[in-house]
Amino acid sequence: VQVLERCMPRVTEPARHEHAERMSWSVQDLKSAIMKEQFVPYFQPKASLADGQVRGAEVLARWNHPEAGVLGPYHFIPVMEREGLIDLLTESLLHQALQASRTLAENGTPIKLAINASPLTLQDVGVPNRWRAIAMEHGVPPERIIIEVTETAVAENFIGLLETVTRLRMHGFGVALDDFGTCFSSLQQLSEFPITEVKIDRSFVMRAPATPRGHMIFESILALSHRLGLDTVAEGIETREQLDFVTSAGCTTAQGFLIAKPSSFATLRTLLADIPAP
Ligand code: C2E
Ligand code: CA
Ligand code: CA
Ligand code: CA
């Protein structure tokens, strides 16, 4: 029996960006861009479906490139991983996110921020201690930070990531299983991996409302997750129909362009100031 790809390929095709396509960056260019904090966090709110309140936001990397403008992650994450710079980039974003978290708490809107972590970074068991130290340096309790790891990463290297993720949890960080449903990971593994939250992939959210079968699968995922005591986030909500569906299915949280697009910190603050504090 031929074993087929266990996970759906991740879409790595960037939105075409003419200027970026003509550019190639040396390791030195990339490193100095990190040091100059040209890589900045954008923030996409997550709304609680029980009451519509924003209690969290995901940090998404953007490159404020001096000539090309704002570049999305597909332009630089793979390069950073290839060149061994992903840890440095992630720590730069972590510092900036922690600063943002501190400011939000001081403003009376202490929402949780979620950071995407590459599996390459999470293979290093020294990371949890280091990140806890960085969080403390900024006066932010790790409980206010969620680390997102993709289901694919976990399926491909369960044992390799288990130790790091367990330590992150011991230090108080939340851990989200990202892009859930793009991979046929075993339910056994799901139940044994110490996560706090499941993020159901957009491709799933798009298909689910359309057919009875889609409904059934979606509801089974929610039932299992809730029995495991996990929060459930529906990703990539674009339509009212999708929002209504995931709400009535019992998802706890929603994220997507319909609710809010990723934005700068200034915009996030305005958005949070406009709604009553949680
Ligand atoms: P992701 O973690 O699954 O993040 C969600 C992506 O979907 C984001 O794309 C977001 O802008 C987009 N999105 C959110 N709502 C909607 C919607 O309603 N419709 C549609 N069509 N898209 C929506 P983005 O910012 O381009 O990021 C792409 C991927 O790059 C992320 O996918 C994540 O895997 C990776 N990434 C982003 N920042 C980082 C980072 O700091 N470190 C690492 N390792 N990866 C990152
Ligand atoms: Ca994510
Ligand atoms: Ca995702
Ligand atoms: Ca995704």
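The values are calculated or read from the model by the stated rules, or taken from the named source; none is laboratory data. As the structure is a computational prediction, the values presented were derived from the model and not from experiment. Every residue, glycine as well, gets a Cβ built from its backbone with ideal geometry; the counts of neighbours run over all protein chains shown. Each accessible area value is taken on the protein alone, full model and side chains, heavy atoms only, with ligands, DNA and RNA left out. Shrake-Rupley method; radii C 1.70, N 1.55, O 1.52, S 1.80 Å.
What nm value, rounded to one decimal, do you get for the distance between L120 and E81 when each label is placed 7 Å out toward the C-beta?
Output for this residue pair reads 0.8 nm.
Where does the charge balance sit around Q123 when Lys and Arg score +1, Asp and Glu -1, over other residues with C-beta under 13 Å from its C-beta? It would help to have the intermediate numbers written out before the result.
Values: positive: R167; negative: E81, D87, D124, E156, E163.
Neighbourhood net charge equals -4.
Given R₀ = 30 Å, what would the calculated FRET efficiency be for I134 paired with Q28, taking r from the Cβ atoms and rounding to 0.05? Kindly include the intermediate steps, with their values, before the conclusion.
On the way: r = 25 Å, r/R0 = 0.83.
The formula returns an efficiency of 0.75 here.
Under the rule of at least 5 residues apart or a separate chain, name every residue whose amide H is placed under 5 Å from the amide H of L60.
Y42, F43, Q44
Taking every DSSP beta bridge that has both residues in the chain, what percent is antiparallel when rounded to the nearest 5? Working shown, then result.
Details: 16 of 38 bridges.
Bridges in the chain are about 40 percent antiparallel.
I need the calculated FRET efficiency for the pair T196 and E67, taking r as the beta carbon distance and R₀ as 45 Å, to the nearest 0.05.
Numbers: r = 40 Å, r/R0 = 0.90.
Efficiency computed from Cβ-Cβ geometry: 0.65.
If you line up the Cα atoms of region 219-278 on their principal axes, what length do they span on each, largest first, in Å?
Answer, in whole Å and largest first: 38, 24, 18 Å.
Give, rounded to the nearest 20 debye, the magnitude of the charge dipole that region 59-214 has about its Cα centre when Lys and Arg contribute +1 at Cβ and Asp and Glu contribute -1 at Cβ. Present the calculation step by step, with values, prior to reporting the outcome.
On the way: 13 positive and 18 negative charges, 85 e Å.
Using Cβ point charges on Lys, Arg, Asp and Glu, region 59-214 gives about 400 debye.
In the chain, what cysteines have no partner Cβ closer than 4.7 Å?
Within the chain, the cysteines lacking a partner Cβ under 4.7 Å are C251.
Roll a 1.4 angstrom probe over the protein heavy atoms and tell me the percent of accessible area of region 54-204 that is carbon or sulfur.
Values: 3100 of 5880 Å².
Within region 54-204, the accessible surface is 53 percent carbon and sulfur.
Can you send over the solvent-accessible area of S263, 1.4 Å probe, protein chains only, in Å² to the nearest 10?
About 20 Å², ignoring ligands and nucleic acids.
Give me the percent relative contact order of the chain, please, defined on Cα pairs under 8 angstrom at least 6 residues apart. Working shown, then result.
Numbers: 433 pairs, mean separation 53.1, N = 278.
Once divided by the residue count of the chain, the mean separation gives 19 percent.
To check my understanding: the extent here is largest minus smallest coordinate of the Cα atoms along each principal axis. What are those three numbers for region 115-203, in Å, largest first?
The Cα atoms of region 115-203 stretch 39, 25, 20 Å along the principal axes, largest first.
How would you classify region 123-278 from its alpha-carbon gyration tensor, with a ≥ b ≥ c the square roots of the eigenvalues: rounded for a/c under 1.5, else prolate if a/b is greater than b/c, otherwise oblate?
Working: a/c = 2.21, a/b = 1.16, b/c = 1.90.
Oblate, because a/c is 1.5 or more while a/b does not exceed b/c.
So what is the 222 nm mean residue ellipticity for the chain from helices alone, if each DSSP H run of at least 4 adds -39500 (n - 2.57) and you divide by all residues, rounding to the nearest 500 deg cm²/dmol? Spell out each step's value before the answer.
On the way: 13 runs with 121 residues, N = 278.
Mean residue ellipticity at 222 nm (helix-derived): -12500 deg cm²/dmol.
How long are the semi-axes of the equivalent ellipsoid of the chain, taking √(5λ) for every eigenvalue λ of the Cα gyration tensor, in whole Å from largest down? Before the final figure, lay out the partial values.
Values: eigenvalues 151, 105, 86 Å².
Calculated on Cα positions only, the semi-axes equal 27, 23, 21 Å.
Can you grab the distance from the C-alpha centre of region 120-178 to the C-alpha centre of region 237-278, Å, no decimals?
25 Å
How much accessible surface area, in Å² rounded to 10, belongs to the heavy atoms of E192 with a 1.4 Å probe?
Roughly 100 Å² of E192 is accessible to a 1.4 Å probe.
For region 27-158, what is the convex hull volume of the alpha-carbon atoms per residue, in Å³?
Numbers: hull volume 17.6 nm³, N = 132.
With only Cα atoms used, region 27-158 gives 133 Å³ per residue.
So for the pair L162, L258, with labels modelled 7 Å out along Cα→Cβ, what separation do we get in nm?
3.8 nm
Relative contact order for region 138-219: what is it in percent, counting Cα pairs under 8 Å that are at least 6 residues apart? Present the calculation step by step, with values, prior to reporting the outcome.
Numbers: 97 pairs, mean separation 23.7, N = 82.
The normalised contact order for region 138-219 reaches 29 percent.
Over the Cα atoms of region 178-269, what Rg and Dmax result, in angstrom?
Computed over the Cα atoms of region 178-269, radius of gyration and Dmax are 13.6, 42 Å.
With a 1.4 Å probe and all protein chains left in place, how much accessible area per residue does the chain have, in Å²?
Per-residue value: 49 Å².
Please report the net charge: other residues with Cβ closer than 13 Å to the Cβ of L88, K and R +1, D and E -1.
Charge balance near L88 sits at -3.
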